[in-house]
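Here's the structure we're looking at; comments come further down.
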Amino acid sequence: MFRPVRGMKDLYGPDMAKYSYVIKNASKVAKVYGYSMISTPIVEYTEVFQRSIGDDTDVVSKEMYTFMDKGGELITLRPEGTAGIMRAIATGSLAQRMPVKLMYYGEMFRYDRPQKGRYRQFHQLGAEHVGEKSPYTDVMTILLTSDILSSLKIQDCKIMINSLGDDETRKEYVDAVVQYLSQHEGRLSADSKARLRKNPLRILDSKDATDIEICFAAPRLKSCFTSEAGRYFDKVCELLERSNQRYEIDNFLVRGLDYYSHTVFEIKSPHERDSIGGGGRYDKLLKTLGGPDVSGIGFAFGVERLMQLVKDDSLPPRTKKAAVIPVSEKENDAAMAICVQLHNYGIVTEFFHIGTMGKKMQTADKMGCDLALIIGENECAGDYITVKYMYDDINKKKEQTIDKNKMVEFLKYNL
Ligand code: HAM
């Protein structure tokens, strides 16, 4: 027997209902903030991710599904959505329409060690606001993440923020970090030793226990802020407070992707080990991919992680449905016509015409029908239909006849 590929799963039934609920609610909130939907291909040329996310990140160096296609092109299943969207802006007409606010959702792929809440194929739901750089935009983006959580009735989340400053900040900070970490080089993990000269800031994001302990006493980014970077971050914090948005500053938050500068943030839940969402500002990303030299900011939630936090009773009630059941083969044509008529009125209806009457009723019950319209010889000849209630405890097994002409009205009211 085949199983799904390790770290990947099928999505259907109640999980699919939760998935749709998350996407629908989040999209509705993003629309209120002025975002419109974008969908980009699931694969991009590998270089798109290498150039934007950074060669030394875990995502690019270890986790990408990369392969040569039949035409000999090196392509990668997208590990995240931002790079593809920037590629779309750089190569299409969106670059002429700045600023743009785009939201997206879809499958992402990372060859990570599968565990609870971490998959090799997962879904992200994200938004990118490109072409406007200001603390107001940053705060509006953070407020959007918070409103999405509220719309899903997810509580107790914490928004952690930090600033990576500008280029000058980063240069100075890299020097300070290299100087500090060099004193502990012997104890660093093999990955971190390799990164010490190539991309030392990635070490601050290491998941190795000894690396984490060493990094705890590393210099703080804040000490290297230029006055402009400091002012920018102070304004972000001030605006969050003015908006009554709760947040915490995490001086060690550097994010796992290389494209960030200035504001970065992550959303944590006490019920999930890893962050449920994260994002930040990127000053150079679009230019790196051949687009205009403008800054952007965005975020992505992990949809599976949001789904874990959505309570079942937050979901909208199940759609009720009717079963159309001909008593014998002779009534099949008339019954099907009734089913078609109900579909045209938007009434959720299923048609059961195979097997004995008992079997048809049983299948309708199993498929969650709430009431059955029984079409027998008498019903075909007369102007009435027999209705049998199926689920409802009070009405269970109750039968009644209704006027054929009032069938649609009856179902609209009773379903
Ligand atoms: P990220 O922090 O790499 O950021 O991923 C965002 C979210 O995707 C994570 O917080 C997590 O919920 C989810 N996620 C990541 N990996 C997995 C996995 N293996 N299994 C399940 N969920 C996962 C980004 O991807 C950036 N593109 C966000 C962004 C948008 N920054 C600016 N704009």
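In table form, for the structure just shown:
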read-out: TYR45 being within 30 Å of ALA190 (Cα to Cα), within 13 Å of the ligand (Cβ to nearest atom) and touching a residue at least 12 places away in the same chain (Cβ under 8 Å); value: no
read-out: Strands (runs of 3 or more DSSP E) within segment 27-114 that include 1 or more residues at pLDDT 95 or above and within 25 Å of LEU149 (Cβ to Cβ); value: 100-109
read-out: Index of the failed condition, GLY126 passing every other in (1) surrounded by fewer than 23 Cβ atoms within 10 Å (Cβ to Cβ); (2) within 12 Å of the ligand (Cβ to nearest atom); value: (1)
read-out: Residue under evaluation ILE38, criteria (1) open to solvent by 20 Å² or more (accessible area, probe 1.4 Å); (2) more than 15 Å from the ligand (Cβ to nearest atom), criterion not met; value: (2)
read-out: Qualifying positions in segment 255-293 - among the aliphatic types (A, V, I, L, M) and farther than 12 Å from ILE161 by Cβ; value: LEU257, ILE276, LEU285, LEU286, LEU289
read-out: Qualifying residues in segment 148-191 (those that are in a helix (DSSP H, G or I) and touching a Phe, Trp or Tyr at 6+ places or on another chain (Cβ under 8 Å)) - the one farthest from ASP274 (Cα to Cα); value: THR169
read-out: GLU128 part of a strand (DSSP E or B) and of a type in the set (D, E, K, R); value: yes
read-out: Breaking point among (1) more than 13 Å from the chain's Cα centre (by Cα); (2) more than 17 Å from PHE299 (Cα to Cα); (3) within 12 Å of the ligand (Cβ to nearest atom), for GLN121; value: (1)
read-out: Matching residues, segment 63-94, being within 15 Å of the ligand (Cβ to nearest atom) and small (Gly, Ala, Ser); value: GLY81, ALA83, GLY84, ALA88
read-out: Residue among LEU164, LEU143, LEU94 that is within 19 Å of the chain's Cα centre (by Cα) and either within 15 Å of TYR35 (Cβ to Cβ) or open to solvent by less than 20 Å² (accessible area, probe 1.4 Å) (or both); value: LEU143
read-out: Elements of type helices (runs of 4 or more DSSP H) in segment 203-310, at least 2 residues being more than 16 Å from the ligand (Cβ to nearest atom) and buried (at least 19 other Cβ atoms within 10 Å of the Cβ); value: 209-216, 227-242
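The values are calculated or read from the model by the stated rules, or taken from the named source; none is laboratory data. Keep in mind the model is a prediction, meaning the values are calculated, not measured. Ideal geometry is used to build each Cβ from the backbone, glycine not excepted, and the neighbour counts take in all protein chains shown. For accessibility, only protein heavy atoms count, side chains too; no ligands or nucleic acids. Shrake-Rupley method; radii C 1.70, N 1.55, O 1.52, S 1.80 Å.
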